[in-house]
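Sharing a structure with you now.
The values are calculated or read from the model by the stated rules, or taken from the named source; none is laboratory data. What you see is a predicted model, and the numbers here were worked out from it, not measured in a lab. Cβ placement follows ideal geometry from the backbone for every residue including glycine, while neighbour counts extend to all protein chains displayed. Each accessible area value is taken on the protein alone, full model and side chains, heavy atoms only, with ligands, DNA and RNA left out. Shrake-Rupley method; radii C 1.70, N 1.55, O 1.52, S 1.80 Å.
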Amino acid sequence: MTLRLRATAATPRPRLSAARKLTTKIDAKAKRGKRGVYWADWKKAAPTPILDGAFLVPGNTVKGPAVIETTDTT
């Protein structure tokens, strides 16, 4: 037996607020070092900065290539 269900529900819109402070400086806690990452365009692995997305704030600028790790991405 197979049962499939598709449902929708009305949800309230989230309230967005402006950032209190914008900064281009990346907090040291966000920096996790470097790791070898394979880049298909280059056809090789290269040492790549790894950043913790939880510590990035509005205004931060990351010069790539880089990997930003967060709990909701793979």
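Where only protein heavy atoms count, and the probe is 1.4 Å, what is the accessible area per residue for the chain in Å²? List each step's numbers first, then the result.
On the way: 7190 Å² over 74 residues.
Averaged over the residues of the chain, the accessible area is 97 Å².
Determine the relative contact order of the chain: mean sequence separation of Cα pairs under 8 Å and six or more apart, normalised by residue count, in whole percent. Intermediate results must be reported in sequence, preceding the final value.
Numbers: 83 pairs, mean separation 20.7, N = 74.
For the chain, the relative contact order is 28 percent.
Return the sequence-ordered ³J(HN,Hα) values of the range 45-50 in whole Hz as given by the Karplus equation 6.51 cos²θ - 1.76 cosθ + 1.60 applied to θ = phi - 60°, using x for Gly and Pro.
Here the 3J(HN,Hα) series is 8, 9, x, 10, x, 10 Hz.
Which chymotrypsin sites (Phe, Trp or Tyr not before Pro) in the chain sit in a loop by DSSP (not H, G, I, E or B) and have at most 11 other Cβ atoms within 10 Å of their own Cβ? Please report the intermediate quantities before stating the final value.
Working: sites: 38, 39, 42, 55; in loops: 42.
Here the sparse-neighbourhood loop sites are 42.
Still on this model: Among the aspartates and glutamates, which have Cα under 15 Å from the Cα of residue 34 when same-chain residues fewer than 8 positions away are ignored?
Residue 34 reaches 52, 69.
OK, next. Amide H neighbours of residue 37 under 5 Å, at least 5 residues apart or on other chains, H built in the peptide plane: list them.
46, 48
Oh, and also: Given a 1.4 Å probe and every protein chain left where it sits, what share in percent of the accessible area of the chain is carbon and sulfur? Display every interim value, and only then the final one.
Details: 3950 of 7190 Å².
Its accessible area is 55 percent carbon and sulfur atoms.
Whats the longest run of the chain with zero trypsin sites (Lys or Arg not before Pro) that are DSSP loop and have at most 13 other Cβ atoms within 10 Å?
Numbers: sites that count: 4, 6, 15, 20, 21, 25, 43, 63.
Formally, the longest exposed-site-free interval is 44-62.
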